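The values are calculated or read from the model by the stated rules, or taken from the named source; none is laboratory data. This is a predicted model, so every value here is computed, not measured. When we count neighbours, we look across all protein chains shown, and the Cβ atoms used for this are built from the backbone with ideal geometry, even at glycine. What goes into the accessible areas is simple: the full protein's heavy atoms, side chains included, and nothing from ligands, DNA or RNA. Shrake-Rupley method; radii C 1.70, N 1.55, O 1.52, S 1.80 Å.
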Amino acid sequence: MLLIKVAGNFQQELGCDFILVIDTEGLKAPEMAKLEDSYQHDNELATLVTGLSDITIVNMAMENATEMKDVLQIVVHAFLRMEKIGKKNNCQFVHQNVSDVSAHEQNMRDRKHLLEQLNEMTKVAANMEKKCKEMNFSDIMDYDLEKHNWYIPALWHGLSPMAPVNLGYSQKVYELKKYLFEFLKDCSQERTPKDIPQFLEWVRSLWNAVKHENFIFSFRNSLVDEAYNQLSVKYAEWEWGFRKEIPFWVSEKETFIQNQPPDKLDPNLSIRLKSEAQEKLRQEAEKILNHLQQYFESGAANLHLIEKYKEDFRRSANSLRNELESYSFSKWQEAIHIKKGQHKTDSVLSEYKRKIEEKVDGLLNHCRKSNCKLNNDELEKELENMWRETLSELSLIPLQRRNIFEDVEF
């Protein structure tokens, strides 16, 4: 919180001596995400700050737009729960890092979509709170679709520190600042600004209201968790069925390959197996996607809260398919490689055995013709010579030297 002193000659116009600026210092911050109560912390803080302020500036940077809508939903709900908030705040949406200077006109559709979402949030909250009349976001907060949206380009043209400063940034910030001061002038005419004791009392009473309604700040999160966990349990069953089915199929194909003669291990076999594997994987992945679609159409509790996670589960199913595709391809290719190696080894061994048998027969014939009777030592010596000569004649194929680091990296 920062007190900014208003210059003496300007105090009369604004009707106040100080402007109090409150910065939440990053709702939905990545540093807070790992804390279990970060959701509740953000929602309580947003409600308190919005309740204290005459003007609420919501920073809608592209990376946190969805999270900010979640926070706004809780704020709206909290204001409905707290019987009397005492005033109607002004809400300004600032869209950061917008590249086009004509973004305000071009993003009219997005602004309408944002307002529709905020209105929908308000209606849902009002229904849950049994409010008899139909309510919109503008009933809770002072918001104008045309006036209260600001599109501010990036500060730099390109990458800092060498990039020049974007003049459009300064112009848009100046326009926003000018509008805020004009708004404060109008506010001071409608209602008297609070003095310090009044503000402290307002902080105290608002904080008590927030703390007494603390369950509201985590209820939506717990509903999301419960719905998400139920879907996760179902998905785990579907995934296990997929993972169980493919190894059985691969095992059958490995047995089939082991029983093939050498002339059948041609490229056509690989193409046929690849085609079969892709069809099998497609069918199993389709089953998961159908289960997922049926689950979201089943009418289970709070499915609307996890609708945005549906695509994550779709991607997970496709990722699983790719993983098992890679697994099955490598398995049957390895089986073909092993079978070919076995055939090659068998043929080499048969050839070597034939040559050695010829040499042994030649040695025996030589001994018979020469009518020389060899004792054991002489026989062993002749056999050693024959074995050495035979090995020198055979074209032994040494194992190829492997570059392990390159193979692992590949």
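Working only within the range 383-397, note down all residues that are over 21 Å from THR345 (Cβ atoms) and either of a type outside the set (Ser, Thr, Tyr) or touching a Leu at 6+ places or on another chain (Cβ under 7 Å) (or both).
If the condition is that a residue be over 21 Å from THR345 (Cβ atoms) and either of a type outside the set (Ser, Thr, Tyr) or touching a Leu at 6+ places or on another chain (Cβ under 7 Å) (or both), then LEU383, GLU384, ASN385, MET386, ARG388, GLU389 are the ones that fit.
Check SER232, SER275 and return the single one that is at pLDDT 85 or above, over 19 Å from SER326 (Cβ atoms) and of a type in the set (S, T, N, Q).
Exactly one of SER232, SER275 is at pLDDT 85 or above, over 19 Å from SER326 (Cβ atoms) and of a type in the set (S, T, N, Q), namely SER232.
If I go through the range 372-402 residue by residue, how many of them are under 20 Å from LYS353 (Cα atoms), modelled with pLDDT of 80 or more and within 60 Å of the chain's Cα centre (by Cα)?
0
Per-residue answers, yes or no, for (1) open to solvent by 100 Å² or more (accessible area, probe 1.4 Å); (2) within 34 Å of the chain's Cα centre (by Cα):
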site: ALA125; (1), (2): no, yes
site: ASP139; (1), (2): no, no
site: TYR143; (1), (2): no, yes
site: LYS147; (1), (2): yes, no
site: LEU155; (1), (2): no, yes
site: LEU184; (1), (2): no, no
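Name every residue in the range 377-410 that is of a type in the set (Val, Ile, Thr) and surrounded by fewer than 10 Cβ atoms within 10 Å (Cβ to Cβ), in order of residue number.
ILE397, ILE404, VAL408
So LEU374 passes all but one of these: (1) open to solvent by less than 90 Å² (accessible area, probe 1.4 Å); (2) more than 30 Å from PHE248 (Cα to Cα); (3) assigned to a helix (DSSP H, G or I). Which condition number does it fail?
(3)
Suppose the filter is among the hydrophobic types (A, V, I, L, M, F, W, C), touching an Asp or Glu at 6+ places or on another chain (Cβ under 7 Å), part of a helix (DSSP H, G or I) and surrounded by 15 or more Cβ atoms within 10 Å (Cβ to Cβ); does ALA335 pass it?
Answer is yes for this residue.
I'm trying to understand the selection: among the residues of the range 279-298, which are free of Cβ contacts under 8 Å to residues at least 12 places away in the same chain and surrounded by 12 or more Cβ atoms within 10 Å (Cβ to Cβ)?
Correct list: GLU286, GLN293.
Tell me, yes or no, whether the range 23-30 has at least one residue that is under 22 Å from LEU200 (Cα atoms), crowded, with 17+ Cβ neighbours inside 10 Å and modelled with pLDDT under 85.
Taking every residue of the range 23-30 in turn, none turns out to be under 22 Å from LEU200 (Cα atoms), crowded, with 17+ Cβ neighbours inside 10 Å and modelled with pLDDT under 85.
So is GLU276 open to solvent by less than 70 Å² (accessible area, probe 1.4 Å) and of a type in the set (D, E, K, R) or not?
It is true that GLU276 is open to solvent by less than 70 Å² (accessible area, probe 1.4 Å) and of a type in the set (D, E, K, R).
Considering each residue of the range 338-355, count those that are open to solvent by less than 70 Å² (accessible area, probe 1.4 Å) and either in contact (Cβ under 8 Å) with a residue 60 or more places away in the chain or in contact with a Ser or Thr (Cβ under 7 Å, 6 or more places away or on another chain) (or both), and give that number.
Of the residues in that region, 3 qualify.
Taking LEU167, is it at pLDDT 75 or above and exposed (fewer than 13 other Cβ atoms within 10 Å of the Cβ)?
Considered against the rule, which asks whether it is at pLDDT 75 or above and exposed (fewer than 13 other Cβ atoms within 10 Å of the Cβ), LEU167 comes out as yes.
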